[in-house]
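Written below as structure tokens is the structure these notes are about.
The values are calculated or read from the model by the stated rules, or taken from the named source; none is laboratory data. Remember, predicted model here, so these are calculated numbers, not experimental data. Cβ placement follows ideal geometry from the backbone for every residue including glycine, while neighbour counts extend to all protein chains displayed.
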């Protein structure tokens, strides 16, 4: 009748990455079929960093410790994502301001305001992840 504690890591799961088999080489998909998928994947990896990090809740204690070390090492890339999102936020902010003053179109201004909200949330989450994943032994 007591509630079991739920950790944050068990609630957030990253999709498993598919590793190519070493027995057979990866076949190159047809150019017309792969082009939109490749662009979407590239844009996803350009703006979102979840694919960089491993699951620290799976495997043995050694695997989890290794994943934490790898995640701390890869956290050095998070400032790059912060700059990307800050740049996107600046662009969205300028477009939002222009849509309010130059082009009096309230729906367009609202769209940019909602987009700016998403940018601010992403910047906040990335900054928190970077703060907690930085290696405490390294001084910057």
Practice item. With respect to residue 91, determine if the residue is surrounded by 12 or more Cβ atoms within 10 Å (Cβ to Cβ), part of a helix (DSSP H, G or I), out of contact with any helix residue (DSSP H, G or I) (no Cβ under 8 Å at 6 or more places or on another chain) and at pLDDT 90 or above. Key: yes
Practice item. Give just the number: which of (1) in contact with a helix residue (DSSP H, G or I) (Cβ under 7 Å, 6 or more places away or on another chain); (2) modelled with pLDDT of 90 or more does residue 121 not satisfy? Key: (1)
Review point. Over 22 Å from residue 43 (Cα atoms) and surrounded by 14 or more Cβ atoms within 10 Å (Cβ to Cβ), is that true of residue 115?
Key: no
Practice item. Please specify each residue of segment 14-49 satisfying the condition of being modelled with pLDDT of 85 or more and in a helix (DSSP H, G or I). Key: 38, 39, 40, 41, 42, 43, 44, 45, 46, 47
Study note, to complete from the structure: In segment 50-88, residues that are exposed (fewer than 14 other Cβ atoms within 10 Å of the Cβ), modelled with pLDDT of 85 or more and either touching a strand residue (DSSP E or B) at 6+ places or on another chain (Cβ under 9 Å) or outside any helix (DSSP H, G or I) (or both) total 1
